[in-house]
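First, the structure itself, so that you have it in front of you.
The values are calculated or read from the model by the stated rules, or taken from the named source; none is laboratory data. This one's a predicted model, so the numbers in the text were calculated from it and none came from an experiment. Note that each Cβ is placed from the backbone with ideal geometry, even for glycine, and that neighbours are counted across all protein chains shown.
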């Protein structure tokens, strides 16, 4: 039955050859169209032995893997929330993972993820998303070739958007520039992305590369060079990246200095408040943060729930809350807006990620402080409580004088 449905789908939706790739057309009616679904399922069943072979080869070589659901979000939804921490490292894990629902494969990149324990990075040459088969594909490939000139054989593959490769960088280089080159487009090399991964303010930052024979956008990824040992980036490439990294380091230092000055000004002013004023400020800040959390709205699994909850955590941290207060606010948001609710451990991870994102830059707290102090000045001058709009009244003897 599956074979018959797959044959019918192939007749109705014939694939288009794209060099070494084959592009299958999108579903003609609905994603629940049975003909299209059977065709996609048949393609997965055909490549499953190759998925398992690839995964086994990679874990034997020392790589760490993760998986996505092959049929959700066009094959890009990770099967685990903490996929970058709970990686696949053994043959037994590979077999167990591929027994369940259809999967795509990812190599986890970043510090210590190369087979020899060095820093593993991912470079990709991305053509135009709408028309990846046009002139932008050649432009992207030419840029990648220039950037990696002189590089030895390394794992390389092709996808609908272009060519991808894995490489290594020295640990010291990664620790110095990793936080500033986590995902960076290089101006002198158009359409080339560097996905560096690494650490952000001391915490592991997830990064990955989806590998063949995974299928996304109706195209199965295909190996160009299936060598298992990633080559180091050439010295000339490292010099280019170091120049970009130094600029990013200087920019980050300037932003941090501005944030510290702003934060210090707020804290100095807070110290001058009496108890009643401090209570008024806390009530004002809490009211605004709760309004922001309400505006962020529900966090639904499968519909961007992780990103939405992270936004809520960032809103809380950037308003100057931390510790028990931040935990209580995010727990309340979790109860009121998250479906399903996150565990305490998951909420703690969201707050940690929010701290990484915000750092010392509590700009929201500074903006709230500025708005509150303006409203207090206005109240003192005109006798109007904070947040109350004053309707214009008549001037002199009447509205028009």
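Please determine whether any residue of the stretch 110-132 is without any contact (Cβ under 8 Å) to a residue 40 or more places away in the chain, under 17 Å from the mean Cα position of the chain (by Cα) and within 21 Å of residue 228 (Cα to Cα).
no
Every residue in the stretch 133-150 that is within 25 Å of the chain's Cα centre (by Cα) and either under 16 Å from residue 178 (Cβ atoms) or surrounded by fewer than 20 Cβ atoms within 10 Å (Cβ to Cβ) (or both), please.
Across the stretch 133-150, the qualifying residues are 141, 143.
Here's a follow-up. Being outside any helix (DSSP H, G or I), more than 24 Å from residue 85 (Cα to Cα), over 19 Å from the mean Cα position of the chain (by Cα) and not assigned by TED's automatic domain parsing to the domain that holds residue 81 is the requirement here; does residue 333 meet it?
no
Under 19 Å from residue 219 (Cβ atoms), in the same structural domain as residue 167 (by TED's automatic domain parsing) and in a loop (DSSP other than H, G, I, E, B), is that true of residue 83?
No; evaluated as a whole, the condition is false for this residue.
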